[in-house]
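Engineer: Below is the structure I would like to discuss, written out as structure tokens.
The numbers here are math on the coordinates, done by the rules we state, and not lab data. Predicted, not measured: the structure shown is a model, and the values here were computed from it. Positions of Cβ are backbone-derived with ideal geometry, glycine not excepted, and every protein chain shown enters the neighbour counts.
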Amino acid sequence: PGGAGNRPGGVGAGGERGALGFERRPAGAGAAGHADTAGTADTADTAGGGFAVELTAPGRTVIWGNKVIDAAFIEPPPAGARPGPDEAWLDWDRLSPPLTARTWRPGDRMRPLGLGGTKKLQDLFVDAKIPAAVRRRLPVIADAEGIVWAAGRVDERAAVGPRTRRVLRLQIASL
């Protein structure tokens, strides 16, 4: 079910068409401050008015309000299996930590698995019919080399394959 609401730290959260997003609200729109022992969402991406928070892997990281990203190591899934709509399976040995959850930025690109080339996140959002208001609030997961998961798509570099030994499952959930 969709919905929106103000969260601590002047952050709004909402969902539409199966997409979860977050945005910074003007001063006074929410309570100030937010803390969590496993991760923190207090690091603002001031250039775009968004957010950026380092993920705890394995562990739980509060990204805003009552939304978290749970990171856990799992057994490699059987061939043909697919993650749920709010989760990603990443090849841990192909990642370059630290992992960060952040808002997307104009010009962001990734190499979606199966596409055979790079694509702007803006174009991925349009293709997935994600409304503009939601696009600005979607969490993007990046490592030191670039984006590894966005708009339900995993980057080719981080995708689980037949040679994967360690799988990191990221799952967006509510507290």
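Engineer: Cut-off is 10 Å between beta-carbons; in what order do THR118, THR56 appear when sorted fewest neighbours first?
Structural biologist: The fewest-first ordering by Cβ neighbours comes to THR118, THR56.
Engineer: Which lysines, on any chain, are close to LYS67 with Cα under 24 Å apart, when same-chain ones fewer than 8 places away are left out?
Structural biologist: Within reach: LYS129.
Engineer: Which part of segment 70-86 falls in the paramagnetic zone of ALA128, meaning amide N under 13 Å from the point 7 Å along Cα-to-beta-carbon?
Structural biologist: Residues passing the 13 Å test: 84-86.
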